[in-house]
1. Hey, can you tell me all the residues within the stretch B:45-74 that are surrounded by fewer than 16 Cβ atoms within 10 Å (Cβ to Cβ) and under 22 Å from residue B:8 (Cβ atoms)?
2. Kindly establish whether residue A:1 is away from chain B (no Cβ under 14 Å), modelled with pLDDT under 95 and surrounded by fewer than 18 Cβ atoms within 10 Å (Cβ to Cβ).
3. I need the full set of residues from the stretch B:33-58 which are part of a loop (DSSP other than H, G, I, E, B) and within 7 Å of chain A (Cβ to nearest Cβ), in order please.
4. Select the strands (runs of 3 or more DSSP E) contained entirely in the stretch A:56-113, then report the ones holding at least 3 residues which are crowded, with 21+ Cβ neighbours inside 10 Å and facing chain B (nearest Cβ under 9 Å).
5. Assess whether residue A:24 counts as being under 19 Å from residue B:44 (Cα atoms), within 15 Å of the chain's Cα centre (by Cα) and away from chain B (no Cβ under 13 Å).
6. Residues in the stretch B:59-93 that are assigned to a loop (DSSP other than H, G, I, E, B) and either free of Cβ contacts under 8 Å to residues at least 40 places away in the same chain or more than 11 Å from the chain's Cα centre (by Cα) (or both): how many?
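The values are calculated or read from the model by the stated rules, or taken from the named source; none is laboratory data. What you see is a predicted model; the values in this text were computed from it and never measured. Cβ coordinates were reconstructed from backbone atoms using ideal geometry, including for glycine residues, and neighbour counts include every protein chain displayed.
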């Protein structure tokens, strides 16, 4: 079993839909939780990060962390075709001060007009 | 400002050859990371530099892989005796290593390595 599990999709939704993307993890030492967006043939781009449990909102994006369930989510409201990309969750502990993230395999999102 | 740049963007080499991949981090970023991303997978950690020194190289798969960062800025990932299984996108990322933002890594576009 991988440390971070993420459904690869693809997830196809109509424009304007609310999108829910999720990851589960097994390492209880993880404290930092990130979501990256990766367009085809580009490097990942940090969207949001959260420390420990709770919610964080930024525009149309909301990140949730439930450490008791080892489950994190990213919600996208009013999805747009430009949101079509692969979404990677990542998480890290502060072990040795390196903050090296462990990534999920990514979920491919397609938002059609 | 300029982001992380990587060269070449694409590299095709024959099995057994030696390759070097270059990464130019964001100016002032002291932390630099190398990752490998295979098709349909997330980035997999290879090595992390803090300044000039390799602080963690636990992700390097074997001794054919080596990386340097001699002046604390540009880094080169070196792969000897390449194998077809080395084919992947090699990503570089950099970050400020302050306590408030060590996890905010900025990625380059990657080098797509194909070993034939």
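1. Scanning the stretch B:45-74 gives B:61, B:64, B:66, B:68, B:70, B:71, B:74.
2. Here the answer is yes, as residue A:1 does meet what is asked.
3. Start the filter on the stretch B:33-58 by keeping residues that are part of a loop (DSSP other than H, G, I, E, B), which leaves B:38-43, B:51-52, B:57-58.
Of everything in the stretch B:33-58, those that are part of a loop (DSSP other than H, G, I, E, B) and within 7 Å of chain A (Cβ to nearest Cβ) turn out to be B:40, B:41, B:42, B:43.
4. Details: elements: A:61-66, A:71-76, A:85-92, A:107-112.
By residue number, A:85-92.
5. Values: under 19 Å from residue B:44 (Cα atoms): yes; within 15 Å of the chain's Cα centre (by Cα): yes; away from chain B (no Cβ under 13 Å): yes.
Here the answer is yes, as residue A:24 does meet what is asked.
6. 16
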